[in-house]
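Student: Below is a structure I'd like to ask you about.
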Amino acid sequence: MRHLLKQGLLSVTVMASAAIFTAPVSAADYPDKPIKLVVASGAGGSTDTAARIMAINIQEHIGQPIIVVNKKGGSGGIGINFALKAKPDGYLLMEGMIGGHVLFPAMNTSAGYTPEDYTPIAMTQMNPNVLIVRADSPYKNVKDLLDAIKAKPGKLKFSHAGAGSIHYFGVHLLLKTAGLGNDSAIAIPYKGGSKSMAGLLRGEADFHQTNLVSAIDFIESGKVRALAVTTKERLKAFPDVPTYTEEGYPNVDIFGWRGVIGPKDLPKAIVDQWAKAVQETMARKGWKKMVKAVGDMPRYMGPEEFSKHIASDFKRYRQMATDLDILVE
Amino acid sequence: MAIDSVTSELPSPMPAVELETPTRRGDVVAAILCLTAGLSGYLLLVPAAVYVPSKVAGTANSPAFLPNVLFLMLTGLSVIYLIQSFTVYLRQPAQGKARKMDWLLAGGTAVVCVGYIVAIYFVGMTLGAALGVAAMIYYFGERRVWLIGVIAIILPFLLWYFFEKIAHVLFPTPWFGIMEWLEGARNLTGGVA
Amino acid sequence: MVRGRTQSHRWGGLGDHMIDFDVLLQSLKLILHWNVIAACFAGVIWGMFVGVTPGLTGIMAVVIALPLTFFMDPQSAIALLLGIYVTAIYGGSVTAIMIATPGTPNAAATVIDGYPLARQGKARQALEMALYASFTAGILSTVVALVIFPIVATFALEFGAAEVFAVIVFAITIIAGVSGDSLLKGLIAACFGFLIATIGQDPIHGSSRFTFGVSDFQAGMHILTLLVGLFTIPEIIVRGVEAYKSRDSVSVGDMGPGISFRKFFSFWPIYLRSCAGGSLLGALPGLGGSPAAFLGYFLAQRFSKTPEEFGNGSLEGVAGAEAGNNSVCGPALVPMMSLGIPGDTTTAVLMGALVIHGLSPGPMLFESSPDFVYSVFLLLFVALIFLLIVGTGVISMAKWVVQMPTQILFPVVLILATYGTYAVRGTMIDVLAMYGVGFFGFLMRTQKIPAAPFAIAFILGPLFENELRKSLIISSGSLDIFVSSTISISFLALAALSAGASVYLHWRLKGTKAAKIISD
């Protein structure tokens, strides 16, 4: 409560002073008013929660209140398009997410933007993917599963959260890496990750690749069996689950991420200021604890590394969308 | 939601509004419009605006399958509607009451609505609301200028305060940045003071 | 056949025990703290304020409260959000009744009869009916959810794509019930509603339909955009003509008398039927409250002695719709907590709040903290009781709406509707679409093409298409999948029965009433 009160007072003071001091805005004064952080998905979702955790923790490091604004719709396209139209003055940034910032433009040439149209600032967290089957499934490891697909192409089914979701691309990446055709397994779309998980549990699908966070509870309760994770090393929480690298598919290194992204032509000074603040925030215990509660893994990438990562992600998924004939003109 | 002849049951006397009783000619026109929509949808719209991946083309799983079925259904139903209403129209072509006045008035409301939307683009949500509500109240017949003025000031202010300050909804930036200009002016005077 | 039916039996571990009273008692201790109760009350007040203010949606109420919950203990956080959750479902009906503007999609069926009642000077009856029906159905369905939580958790998994499809087909037959005098016009309206629902991303392939390269169209039309356009704008236009012609300040002026306890009680079969239907739809993940509201409305009409009053101001219609949508709130929490599948935005936010407090919804939640699961349901009871109290207060304040002259009221409603539409997703496209639908809705209304089938088709259409195509993919194109389980066969049979009965009724009436519509 006291914390809130302090924040309230701070913001009131800040707003009052912002009204009084009116020297022309330069990077040195940045930020001199509250900053809006656009979340291109619905309130209460994982990206929104991630943004709000960042917002309450970073205030002290950036020196201004951060206001989270939800603008959802169109797989993130609506909010991102809106935020990209903002002046690049650093007062309107975005919570970056793989879905809206990379996957959606990768499969939609009419999305209105590509990674070239925004400025990646910093990655804050990542979420590895995990390949799962039901506990009673005959497939004990990745090889079993791929052999079964090879033996009878077009018979096994996997559930995913819609064409263009990471669940969808992830499995196709595996199939492609294993030298299997796009149609060797049947894709069953669901509305969202949790429903595609239910589809697997119900027996409508034979396998499913999803974010670790969505699967963790089901793996622990023994309802599903994890076959492989997309991280380079085994996860501490599941030491028995091999990595794709160990299984011989190091290319299947797909993972979801979130971070902070600004509009195009954001001044370098602001980018660096934010990247530094993000780094400081990520060292906070409170932030780490909350992020872990949400099921993500803290992972920092600075502006250059993050930009490179996004560019290569985009290239990869655009290629896959073309191959899979799901590219929308 | 059929609210026909509700007016007569109202406690206070209200003038009859002849907009909600279908006319015979209106039915014929509506049927023709529906038929046009169904046919043009099936023949033009679906081929032009629905992308069908080659491997599902022609199956029930094609993205175009349901739109096609629906447009065809609409066409079929419209044909029945047309035949039905046209037979009735041929039998009794004469219309009952004159409703031209009501239609003109309704059209006027639509024009004010369009003006309001255009105003939002030009001067933004808040000023647009002030202009819109004032124009609409005036058009609906209220002539007390002070009353219109009070509502046109208080309502947009409350909405601005709630949406901008509490709910943090981002409103579109108007083409004529009047609000921004005002804010700049306020800052300027603040700086001087 | 196609799927492994045995899967659900592994959930039997949950199904073995029924309600555990020791745990229930423990969970009672969890919620009996002044801060938990106060948070719940605050949630109800806040939800009601936002709910009854047109233009402010229930979603917004939750979003604004969300950051606060980060600093609360889990019980208080959930109490606050549950308070909002319960009230937002009811709050939307107040604006639906008073000014023909559904505040939430849940109130889409309430507007059909609630608003005509208000126009007839019976606003108090309609509002009280809505409140009491909401309360009764809310309590009933929460009892259902609490007692059979373990079963419902299993039950949700029994419903695969084909089963959900069968339920949707059954629900679609409601269209015939709300078509008014002309089934033909109702079906035409439904075609339009369904077609508008196909705008945007294709649910299976992700390709776009009817978007013409506009990225804002990609998301499709929002349901509130459609409902506000369909019900509010035509009303404003018609009332505007009336106001202009009268010149003097006119208003409905009177709320009328309240509803007697006897009358309220005489509708008990409606509450039970709506509750049964609403609980079923609520427990199926992802359907949300508006199909339940329409199902409740439909059931009320089907069994009514005066079905012809429906659409022109029937109290039974209001009771059925409101009991239907509130029956969702208890059961909808079950798939959210047991499978981690939220039914709608509000339950999604609830889930987010659980997660941030380290209580991750899923199969482990009930095993690791059963007392918490029970406490959620107990809080739902508390919230419902607060809803009853606060709602009664709100009804007495609704008076000023009916006293406001038409010349002022409807221009204000127009502005509020515009803000509300914009704020849902924050794009001007939605505002343009809302006015587009509004003008179209007005034209429909002048020819007595009913709006309700349009709305239902829009709501159910995407679900219908999604489940149909998903089923066909699962079965590799074979239609057998729809008759491979008792559940889907029974619902398809029910649908056929219901559709047949509707067509027969319309046919029989044709000689007398329906033929007159066109010749009038």
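Coordinate-derived values only; no laboratory data. Given the structure is predicted, the values throughout are model-derived calculations rather than measurements. Please note: Cβ atoms are built from the backbone with ideal geometry, for glycine as well, and neighbour counts cover all protein chains shown.
Student: Out of the DSSP beta bridges found with both residues in the protein assembly as shown, what percent are antiparallel (nearest 5)?
Tutor: Looking only at bridges with both residues in the protein assembly as shown, the antiparallel portion is about 65 percent.
Student: Taking 7 Å along the Cα-to-C-beta vector as the label spot, tell me the A:Lys285-C:Ala496 distance in nanometres, rounded to one decimal.
Tutor: 6.7 nm
Student: Also, quick follow-up: Only sites in a loop by DSSP and with at most 14 other Cβ atoms within 10 Å count here; which chymotrypsin sites (Phe, Trp or Tyr not before Pro) in region C:55-112 make the cut?
Tutor: Listed in order of number, the matching sites are C:Phe71.
Student: Okay, helix-only estimate at 222 nm for chain A: each DSSP H run of n ≥ 4 adds -39500 (n - 2.57), divide by all residues, round to 500 deg cm²/dmol; what do you get?
Tutor: -13000 deg cm²/dmol, from helical runs alone.
Student: Let me ask something else about it. Alpha carbon centre of region A:277-329 versus region C:345-392: separation in Å?
Tutor: 31 Å
Student: Also: Answer rounded, prolate or oblate for region B:100-185, using the Cα gyration tensor with square roots of eigenvalues a ≥ b ≥ c: rounded when a/c is under 1.5, else prolate when a/b is larger than b/c, else oblate.
Tutor: prolate
Student: Which residue fluctuates most in the GNM of chain A (Cα springs below 10 Å): A:Val252, A:Val133, A:Val241?
Tutor: A:Val241
Student: On to the next question. Treating only the Cβ of Lys, Arg, Asp and Glu as charged (+1, +1, -1, -1), what charge dipole size does region A:132-219 show about its Cα centre? Round to the nearest 20 debye.
Tutor: 120 debye
Student: Oh, and also: What list do you get for C:Val318, C:Val214, A:Val224 if you sort them by fewest beta carbons within 10 Å?
Tutor: Ranked by crowding around the Cβ, least crowded first: C:Val214, A:Val224, C:Val318.
Student: Local charge sum around C:Pro411 (other residues, Cβ-Cβ under 15 Å, Lys/Arg +1, Asp/Glu -1)?
Tutor: The answer is 0.
Student: OK, next. Between A:Lys308 and C:Glu309, what FRET efficiency follows from the Cβ-Cβ distance if R0 is 56 Å, with the result rounded to 0.05?
Tutor: 0.25
Student: At a threshold of 8 angstrom on Cα-Cα distance, excluding pairs fewer than six apart, so keeping six or more, what relative contact order does chain A reach in percent? Present the calculation step by step, with values, prior to reporting the outcome.
Tutor: Details: 616 pairs, mean separation 83.7, N = 329.
Once divided by the residue count of chain A, the mean separation gives 25 percent.
Student: Amide H to amide H under 5 Å from A:Arg134: which residues, 5+ apart in sequence or cross-chain, H placed 1.01 Å off N in plane?
Tutor: A:Arg225
Student: Could I ask something else about it? Can you list the residues, at least 5 places off or on another chain, whose amide H is less than 5 Å from the amide H of A:Gln125, using H built in the peptide plane?
Tutor: The list, which skips near neighbours in sequence, is A:Arg258, A:Arg299.
Student: Okay, moving on. Net charge around C:Leu280, counting only other residues with Cβ within less than 14 Å of its Cβ (Lys, Arg = +1; Asp, Glu = -1)?
Tutor: Numbers: positive: C:Arg273; negative: C:Glu158, C:Glu163.
Once positives and negatives cancel, what remains is -1.
Student: So, one more: Taking beta carbons within 10 Å but only from partner chains, what does the mean come to for residues B:141-153?
Tutor: Whole-number average of other-chain Cβ neighbours for B:141-153 is 3.
Student: Taking the beta-carbon count within 10 Å as an exposure proxy, list C:Ser478, B:Ser85 from fewest neighbours to most. Write out the running numbers ahead of the final one.
Tutor: Values: C:Ser478 13, B:Ser85 26.
Arranged by neighbour count, lowest to highest, C:Ser478, B:Ser85 become C:Ser478, B:Ser85.
Student: For chain C, what does -39500 (n - 2.57) per DSSP helix run (n ≥ 4), summed and divided by total residues, give at 222 nm, in deg cm²/dmol to the nearest 500?
Tutor: Taken over chain C, the calculation gives -23000 deg cm²/dmol.
Student: Remind me, relative contact order of region B:100-185 in percent, using alpha carbon pairs under 8 angstrom and six or more residues apart?
Tutor: 35 percent
Student: Across the residues of A:210-218, average count of Cβ atoms on other protein chains within 10 Å?
Tutor: Whole-number average of other-chain Cβ neighbours for A:210-218 is 3.
Student: What residue among A:Ala198, A:Tyr139, A:Asn182 has its Cα farthest toward the positive end of the dipole of region A:128-229, where the charges are +1 on Lys, Arg and -1 on Asp, Glu, each on the Cβ?
Tutor: A:Asn182
Student: Under a point-charge model restricted to the Cβ atoms of Lys and Arg (+1) and Asp and Glu (-1), what is the dipole moment magnitude of chain C relative to its Cα centre, in debye to the nearest 20? Could you put the intermediate results ahead of the total?
Tutor: Details: 27 positive and 27 negative charges, 256 e Å.
That gives chain C a dipole magnitude of about 1220 debye.
Student: Something else about it: Each residue of region A:308-319 in order: what ³J(HN,Hα) in whole Hz does its phi give by Karplus 6.51 cos²θ - 1.76 cosθ + 1.60, θ = phi - 60°, with x for Gly and Pro?
Tutor: Ordered by residue, 3J(HN,Hα) equals 5, 4, 5, 4, 6, 4, 4, 4, 4, 6, 4, 4 Hz.
Student: Hey, another quick one. Among all lysine pairs in chain C that are eight or more places apart or on different chains, how many have alpha carbons less than 22 angstrom apart?
Tutor: Value for chain C: 13.
Student: Not counting the cut sites, what is the longest span of chain A without trypsin sites (Lys or Arg not before Pro) that DSSP labels loop and that have at most 16 other Cβ atoms within 10 Å?
Tutor: By the stated rule (loop sites, at most 16 other Cβ atoms within 10 Å), A:1-84.
Student: Taking just the C-alpha trace of the protein assembly as shown, give me its Rg and Dmax in Å.
Tutor: 28.2, 85
Student: Could I ask something else about it? If you average the sequence gap of Cα pairs under 8 Å that are 6 or more apart and divide by the length of chain C, what percent do you get for the contact order?
Tutor: 27 percent
Student: Name the most mobile residue of A:Ser196, A:Ser221, A:Ser307, meaning the one with the largest mean-square fluctuation, in a Gaussian network model of chain A with Cα contacts below 10 Å.
Tutor: Looking only at A:Ser196, A:Ser221, A:Ser307, the largest GNM fluctuation is found for A:Ser221.
Student: While we're here: Quick check for me: using +1 on Lys/Arg Cβ and -1 on Asp/Glu Cβ, what's the dipole size of the protein assembly as shown about its Cα centre, in debye to the nearest 20?
Tutor: On the way: 77 positive and 68 negative charges, 174 e Å.
Result for the protein assembly as shown is approximately 840 debye, rounded to the nearest 20.
Student: Average the reciprocal distances over every distinct pair of alpha-carbons in region B:24-91, invert the result, and give the Kirkwood radius in Å. Present the calculation step by step, with values, prior to reporting the outcome.
Tutor: Numbers: mean 1/r = 0.0772 Å⁻¹.
About 13.0 Å, per the Kirkwood formula over Cα pairs.
Student: Which one of A:His101, A:His160, A:His61 has the biggest mean-square fluctuation once chain A is modelled by GNM with Cα springs under 10 Å?
Tutor: Among A:His101, A:His160, A:His61, the largest mean-square fluctuation in the Gaussian network model of chain A belongs to A:His61.
Student: Give the separation of the Cα centroids, region A:118-185 to region B:139-168, in Å.
Tutor: Result: 55 Å between the Cα centres.
Student: Here's a follow-up. Which order results if B:Thr36, C:Thr142, C:Thr110 are arranged by neighbouring Cβ count within 10 Å, fewest first?
Tutor: Details: B:Thr36 12, C:Thr142 26, C:Thr110 35.
In increasing order of surrounding Cβ atoms, one gets B:Thr36, C:Thr142, C:Thr110.
Student: Shifting gears a bit: Averaged across C:68-74, how many Cβ atoms of other chains sit within 10 Å of each residue's Cβ atom?
Tutor: Numbers: counts 1, 1, 6, 4, 1, 0, 0.
Taking all residues of C:68-74 together, the mean is 2.
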